[in-house]
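Engineer: Structure incoming, see below.
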């Protein structure tokens with residue numbers, strides 16, 4: 001299922017791999033420290049990967065409380081991949097196979113009917129007969145590494161910040177949202193970046209379980225999604241994970257995309273080094 005070229009994105013990108021990206025007409029130049037998860041960014045091959053935003057707590061002992069561990073979990077991990085990655089070490093790649101046309105306006109993403117967005121669907125994209133869906137990663141949120149007795153109650157997962165870096169020549173507005181179907185055919189929006197950040201940007205995570213959601217991105221670019229997990233560990237440990245940032249690279253045409261600081265993605269293309277790329281930041285509050 002996985003070709004030798006396909007496995008390359010499981011290896012940390014080196015300067016040599018970066019040169020290969022430079023010769024690829026529609027790809028981003030990635031931070032050499034990142035492992036790319038999801039669709040192969042070099043060959044654009046159809047690779048299905050089930051990823052979970054893992055929310056875990058390493059329990060401690062009496063007098064020595066444990067600590068939070070937010071990570072990316074691959075289930076299962078294909079050949080050549082680790083089972084887990086630290087968020088700062090990986091980029092979740094969302095290729096053009098995730099493009100869809102909205103049948104109606106989605107105010108929570110700031111888009112109108114007929115606009116294109118990038119969608120990681122709640123349902124398994126491999127479960128239908130559309131070959132175009134085979135290269136869309138399936139992303140969930142899970143806390144199954146802990147037992148319910150590790151916490152007093154559940155875990156609350158808050159969206160705290162979004163930083164968006166557009167592709168050169170693309171939309172300078174990048175909105176991000178997470179939602180599930182609501183009652184009576186409606187939509188239950190859980191995280192939404194285009195109306196500020198507060199404690200209503202909340203996903204309740206059951207300890208010992210995991211779930212799937214719709215992840216929507218309004219345009220191509222780099223999305224730095226900062227979250228915080230809050231809960232009450234029964235070992236008396238800290239009630240918060242602190243702020244943790246996950247990075248999504250959205251759109252096959254990430255050519256000339258700029259990356260987060262520090263550890264920038266270099267600009268691609270002749271004459272683009274040193275170019276100023278607009279960045280849009282929304283702060284907590």
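The numbers here are math on the coordinates, done by the rules we state, and not lab data. For clarity, every value in this text was computed on a predicted model and none was experimentally measured. Neighbour counts are summed over all protein chains in view; Cβ atoms, including those assigned to glycine, are modelled from backbone coordinates with ideal geometry.
Engineer: Starting with the highest mean, order 139-149, 238-248 by the number of other Cβ atoms within 10 Å, averaged over the residues of each peptide. It would help to have the intermediate numbers written out before the result.
Structural biologist: On the way: 139-149: 18.7, 238-248: 16.5.
By packing density, highest mean first, the sequence is 139-149, 238-248.
Engineer: Each label point is 7 Å from the Cα along the Cα-to-Cβ direction; what then is the distance between the points at residue 204 and residue 100, in nm?
Structural biologist: Going from the residue 204 label point to the residue 100 one covers 2.5 nm.
Engineer: Evaluate the Kirkwood expression for the hydrodynamic radius of the range 85-229, namely the inverse of the mean inverse distance over all pairs of different C-alpha atoms, and round to one decimal in Å.
Structural biologist: Working: mean 1/r = 0.0610 Å⁻¹.
Result for the range 85-229 stands at 16.4 Å.
Engineer: Same structure, new question: Rounded, prolate or oblate for the range 168-230? Axes are the square roots of the Cα gyration tensor eigenvalues, ordered a ≥ b ≥ c, and the cut-off for rounded is a/c under 1.5.
Structural biologist: It is prolate, given that a/c is not under 1.5 and a/b is the larger ratio.
Engineer: If packing is taken as the average count of other Cβ atoms within 10 Å, what order do 188-200, 209-221 fall into, highest mean first? Walk me through the intermediate numbers first.
Structural biologist: Values: 188-200: 16.9, 209-221: 21.5.
Highest-to-lowest ranking by the protection proxy: 209-221, 188-200.
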